[in-house]
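The structure under discussion appears below in the form of structure tokens.
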Amino acid sequence: MIELKDVTKVYKSEEGDVKAVDGVTMEVGEGEICVFLGPSGCGKTTLLRMINRMIEPTRGTIRVNGQDIQQMDPYQLRRSIGYVIQQTGLFPNMTVEQNVTVVPRLLGWDRVKIKDRYNELMDMMGLNPDEYRDRYPWELSGGQQQRIGVARALAADPPVMLMDEPFAALDPVIRDHLQSELLRIQRTVRKTILFVSHQIDEAIRLGDTIAIFQSGKLMQHGTPDELLSRPANDFVSRFVGSDRHLKRLSLFRVRDLLDGTEKKSAKNVGQIDPQYAVHLDTNLREALSILLSSPTASLHVLDEDQQVVGRINWKDFEKLGAIQSSSDPESLAQ
Amino acid sequence: MELIEFVQSHWEQMLELAWEHVQLVGLSVGVAILTGVPFGIYISQRESLAKWVLAVAGMIMTIPSIALFGIMIPIFSVINQGIGFVPAFTALVLYSQLPIIRNTYVAIQSVDPNIRDAAIGMGMTPLQRLRQVEIPIALPVIMAGVRTATILTIGIAAIAAYIGAGGLGEYISRGISTSYTTMVQVGAIAVSILALLADFLLGKFQKWIAPKTPMSNKEAVR
């Protein structure tokens, strides 16, 4: 759990004081991903860097798991918080194994434990521990480097992770892949993650909650659904985009449109046109796109066993106004 | 032809002078490394100090070597070491400071800010950051400074023969005062060969210590 209270950072300059972060008060629950979203210069990175005391606040208090970080030794604090940055920041003089195990070594773990942890982390990242052990960062692709960066941040099993636009420099395909990897890993590690992003789509996909900033001020903090369905002000609604209702569809699944009374019909996938069929877990944005192309203006819905369990059409989408996002956003990312 | 005859007849003496030269340079650069590298690292952490230190070191570099040797004589006469090894050694240490301090400072300063940022974010103390990350990355550039200092010092040490410090400069100074051209030529060529050899060996060493990254190898060439 992370609590921010009236956190403010003022930079003095010749044209007067600049408030990079202005009276931010918010909470992020344990095991949640909170995305700090906003245009560049909105103070999101400054705020992030105050959590591990790389920047000291001018005013306000920050508590991590109940402890005021001002009372903690900054080096110990940073070792207990995972940190991932955009350009990976991998140490070029160290091998992959040395990079991943930096923090455990700083903490003085014994060698056997460090080695086991390295193997465990690499398995978790889907990289072969022995293949990469003695390689240097520059020998790896951007996506691999960033995975090593995430592994390094997770190494000492910190309860909190700070991620500063970790995937922004990667190409869209790799970024998409790493986003789902992160969600997959998060399901097992359950860290409290603060994630800086400037992309609304990334925020919707990853965030349990999203905090939108402008000129150092917190504009709105809420679930992706809240932000998309009820933006607090003009800035938020402009930032999330005029297609926010379409974006919101990606938070729901076909399952949410059906009322649960559907029965399995005798039909299976062989008897219908698979082009115009969706699964229960297909997100509604995708379903809508398929529906737009369907000549019958309706879609068959299939369950996990490829059995037809119902149909949806335009009318069903009207229900959306009434329902709240009930689906677990993590499972949407599959 | 005269050159070859000279070398043949003075072979042993030449080796002796060359050895003196190497000792003088080796000791000076060695001491300069021991003082210059830590000093360079220190000022890389104290930006305000760096400007002054580099300015002073730069000023020392602009003093002509013969003048610096001249300045040393009265200073070291106090302890009866006005001429010979001690003033020469001191002057050479001063000359080698600038390339070593400056390269060390620049090398540490030019470590990718993202890498420094990551090191801080991981919870390294400034000393751990220097020892585990910044110095290893900076090493090839620091080594390039040592290489420059060594070659510079080999040349200047030849002039130190004028204050009785020995070395291959003996041939040059003695040759000039006796108008013995061959002797001057042999001295000059021998000093050049020594400098080339030192450059080659240190270049090899520099490559060997460079971390295995394409980026730092490129930097090392600089």
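For region B:124-141, the set of residues classified as at the interface with another protein chain (Cβ under 8 Å from one of its Cβ atoms), assigned to a helix (DSSP H, G or I) and free of Cβ contacts under 8 Å to residues at least 40 places away in the same chain consists of B:128, B:132, B:133, listed by residue number. Taken as a whole, region B:142-149 holds no residue that is within 12 Å of residue B:44 (Cβ to Cβ), outside any helix (DSSP H, G or I), within 14 Å of another protein chain (Cβ to nearest Cβ) and of a type in the set (A, V, I, L, M, F, W, C). What are the residues in region A:57-85 that are within 13 Å of another protein chain (Cβ to nearest Cβ) and not β-branched (Val, Ile, Thr), if any? Scanning region A:57-85 gives A:72, A:73, A:74, A:75, A:76, A:77, A:78, A:79, A:80, A:82, A:83. Of all the criteria given as (1) at pLDDT 85 or above; (2) under 30 Å from residue B:111 (Cα atoms); (3) more than 19 Å from the chain's Cα centre (by Cα), the one not satisfied by residue B:211 is (1). Please determine, by comparing only the residues of region A:1-48 that are in contact with a helix residue (DSSP H, G or I) (Cβ under 9 Å, 6 or more places away or on another chain), touching a residue at least 60 places away in the same chain (Cβ under 8 Å) and farther than 15 Å from residue A:197 by Cβ, which one is surrounded by the most Cβ atoms within 10 Å (Cβ to Cβ). So, considering only residues that are in contact with a helix residue (DSSP H, G or I) (Cβ under 9 Å, 6 or more places away or on another chain), touching a residue at least 60 places away in the same chain (Cβ under 8 Å) and farther than 15 Å from residue A:197 by Cβ, the one surrounded by the most Cβ atoms within 10 Å (Cβ to Cβ) is A:21.
Of note, residue A:147 does not satisfy the criterion of being surrounded by fewer than 21 Cβ atoms within 10 Å (Cβ to Cβ) and either modelled with pLDDT of 90 or more or of a type in the set (Lys, Arg) (or both). If I ask for residues that are surrounded by 19 or more Cβ atoms within 10 Å (Cβ to Cβ) and away from chain B (no Cβ under 13 Å), which ones from region A:152-174 would you list? A:167, A:170 - these are the residues of region A:152-174 that are surrounded by 19 or more Cβ atoms within 10 Å (Cβ to Cβ) and away from chain B (no Cβ under 13 Å).
The condition of being farther than 27 Å from residue A:188 by Cα and touching a Pro at 6+ places or on another chain (Cβ under 9 Å) holds for only one of A:72, A:54, that being A:54. A single member of A:6, A:22 is within 22 Å of residue A:165 (Cα to Cα) and either in contact with a strand residue (DSSP E or B) (Cβ under 8 Å, 6 or more places away or on another chain) or in a helix (DSSP H, G or I) (or both), and it is A:22. Of all the listed residues (B:192, B:179), the sole one being of a type in the set (Ser, Thr, Tyr), under 30 Å from residue B:1 (Cβ atoms) and either more than 21 Å from the chain's Cα centre (by Cα) or not in a helix (DSSP H, G or I) (or both) is B:179.
Scoring residue A:268 on the criteria (1) at pLDDT 80 or above; (2) more than 30 Å from residue A:38 (Cβ to Cβ); (3) among the polar types (S, T, N, Q) leaves a single failure, condition (1). Summed over region A:86-138, the residues that are closer than 23 Å to residue A:170 by Cβ and either part of a loop (DSSP other than H, G, I, E, B) or facing chain B (nearest Cβ under 9 Å) (or both) give a count of 17.
The values are calculated or read from the model by the stated rules, or taken from the named source; none is laboratory data. In this text the structure is predicted, and so the values were computed from the model without any measurement. Methodologically, a virtual Cβ is constructed for each residue, glycine included, from the backbone with ideal geometry; neighbour enumeration extends over all protein chains shown.
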